[in-house]
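Worksheet for the structure shown next.
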Amino acid sequence: MLSKLKARLNNINERFRDVSFDSLMWIVNIAPNLVGFSVRGDKAGAAFWFIHLFLLTYVYGVGSVVYQWKFAHTIGDYIKSYINVSLVIFIANNSWWFISKRVQVKDVLEKIALSDQLACQTDASQKKYKKMLKIIKHIIIGFYAVNYIDELFIYLPHRVDVSNDYSLTPCVGLEPLTQSPNKEICSFILCLQECTIATAVLNYQALLLLLIAHTAAMYRILSAEMISFNDYDNLEEHQARAKKILPSLIERHVLILCVIDKLKSLYSVSLGVNFGSHAVCLLLLLYLPIRESFMFIPIFAYCFSVFFLYCFLCQKLVNASEDFERSVYCCGWENFCLKERRMVYFMLCEAQRPVEILAADIVPVNIYTFATTLQAMYKFVTVY
């Protein structure tokens with residue numbers, strides 16, 4: 001028994017120390033695997049999703065309706081209630097994404113794993129690969145750490161306290177909540193609901209961040225390999241090297257473009273819904289008086305950080321694609337043979353295609369969108 005436990009702990013330690021796409025996916029897949037809907041597995045985790053969606057409907061859906069019907073009297077009450085409605089929308093959206101997109105996710109992961117494998121063929125690319133994936137690992141672990149600490153030590157203790165209504169009616173039908181065992185049952189329901197929400201929402205965000213950041217890293221590695229064609233002493237050896245390596249670089253570039261197209265189709269609608277719900281949630285929170293907004297500070301911090309990470313990492317993907325375009329043009333193609341020049345021309349034409357993730361196929365997800373959205377929120381709040 002102890003030997004199995006020790007081997008298990010050693011395996012976990014090695015996973016966290018390892019720097020590879022497989023280990024990063026293992027980290028992102030820890031919670032989904034524990035509750036039964038592994039991202040890489042075939043099981044959909046029907047029991048988890050039934051409990052999660054039932055509690056979401058009961059606690060947030062029914063609770064918000066009853067609160068607005070019986071207890072909301074002021075504008076502040078309605079604003080706080082509509083914050084919960086926006087939370088319901090993006091939680092349900094992320095949950096439905098996990099349920100409905102399983103086949104597409106597995107297809108994307110297979111292509112990303114292939115791209116990852118092809119990126120580690122040389123010593124120089126392996127060094128850059130390790131460096132960039134280490135940064136991605138720190139981002140993923142930091143994202144989990146901050147949000148789980150926020151959830152466990154700040155938000156959850158107040159959320160399971162039935163005396164804090166959070167502008168919804170907790171546990172409709174279990175009144176009075178001041179008596180035992182109603183109070184304990186309601187606290188357990190609220191705790192279970194928040195745990196399922198954290199599992200669904202945080203792992204949706206972490207998987208998205210991983211896939212976008214990894215794709216940007218593949219672009220960076222490919223750019224470095226294209227620029228490396230400028231380092232040569234013998235022209236004949238240089239041309240022979242280009243003839244040998246260029247086909248594999250083109251294959252990897254086409255694979256990256258395929259991954260980006262699949263990411264667009266996979267995340268377009270869900271990103272659009274999340275963008276809208278996060279923006280509405282932030283806007284409503286800015287309307288609240290400071291004293292009344294204290295209980296929603298963890299939600300504000302979460303929405304703001306996720307909104308920023310979306311835009312920041314998608315901007316990194318755009319920047320990496322633009323750097324790759326420049327590296328293709330500056331790779332010294334004029335010294336290649338005619339066949340290789342044509343190959344570089346084909347690669348350059350493909351590299352000039354705009355690379356950006358669109359929310360709802362309309363709004364580009366980049367740092368400019370982040371800045372202009374916050375600016376519009378500030379103007380709207382100060383004017384009205």
If I go through segment 17-40 residue by residue, how many of them are within 22 Å of Ile212 (Cβ to Cβ), assigned to a helix (DSSP H, G or I) and touching a residue at least 24 places away in the same chain (Cβ under 8 Å)? 9
Wholly enclosed helices (runs of 4 or more DSSP H) of segment 291-384 bearing at least 2 residues within 24 Å of Gly142 (Cα to Cα) and in contact (Cβ under 8 Å) with a residue 40 or more places away in the chain: 297-329, 367-383
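Kindly establish whether Trp49 is out of contact with any Leu (no Cβ under 9 Å at 6 or more places or on another chain), over 23 Å from Asn203 (Cα atoms), hydrophobic (A, V, I, L, M, F, W, C) and not in a loop (DSSP other than H, G, I, E, B).
No: the conditions fail for Trp49.
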Give segment 142-171 a look and list any residue that's among the small types (Gly, Ala, Ser) and part of a helix (DSSP H, G or I), or say none. Gly142, Ala145
Counted residues in segment 110-136 being closer than 28 Å to Phe37 by Cα, hydrophobic (A, V, I, L, M, F, W, C) and buried (at least 19 other Cβ atoms within 10 Å of the Cβ) come to 3
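For segment 59-71, what are the residues that are assigned to a helix (DSSP H, G or I) and in contact with a helix residue (DSSP H, G or I) (Cβ under 8 Å, 6 or more places away or on another chain)?
Hits for segment 59-71 are Val59, Tyr60, Gly61, Gly63, Ser64, Tyr67, Gln68.
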In segment 165-185, what residues are closer than 17 Å to Gly61 by Cα, in contact (Cβ under 8 Å) with a residue 12 or more places away in the chain and surrounded by fewer than 19 Cβ atoms within 10 Å (Cβ to Cβ)? Asp165, Val172, Leu174
Being farther than 20 Å from Ala145 by Cα, surrounded by 10 or more Cβ atoms within 10 Å (Cβ to Cβ), β-branched (Val, Ile, Thr) and modelled with pLDDT of 80 or more narrows it down to one of Ile51, Ile27, so name that one. Ile51
If Asn319 meets every condition in (1) within 26 Å of the chain's Cα centre (by Cα); (2) closer than 30 Å to Ser228 by Cβ; (3) surrounded by 18 or more Cβ atoms within 10 Å (Cβ to Cβ) apart from one, which number is that one? (3)
Could you please let me know if Tyr267 is touching a His at 6+ places or on another chain (Cβ under 9 Å), assigned to a helix (DSSP H, G or I), among the hydroxyl-bearing types (Ser, Thr, Tyr) and crowded, with 21+ Cβ neighbours inside 10 Å? no
Determine, yes or no, whether Ala124 is modelled with pLDDT under 85, out of contact with any Pro (no Cβ under 6 Å at 6 or more places or on another chain), on the phi < 0 side of the Ramachandran plot and in a helix (DSSP H, G or I). yes
Please determine, by comparing only the residues of segment 72-103 that are part of a helix (DSSP H, G or I) and small (Gly, Ala, Ser), which one is surrounded by the fewest Cβ atoms within 10 Å (Cβ to Cβ). Ser100
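The values are calculated or read from the model by the stated rules, or taken from the named source; none is laboratory data. On a predicted model such as this, the values are computed, not experimentally measured, just so you know. For neighbour counting, all protein chains shown are included, and Cβ atoms are generated from backbone atoms with ideal geometry for every residue, glycine included.
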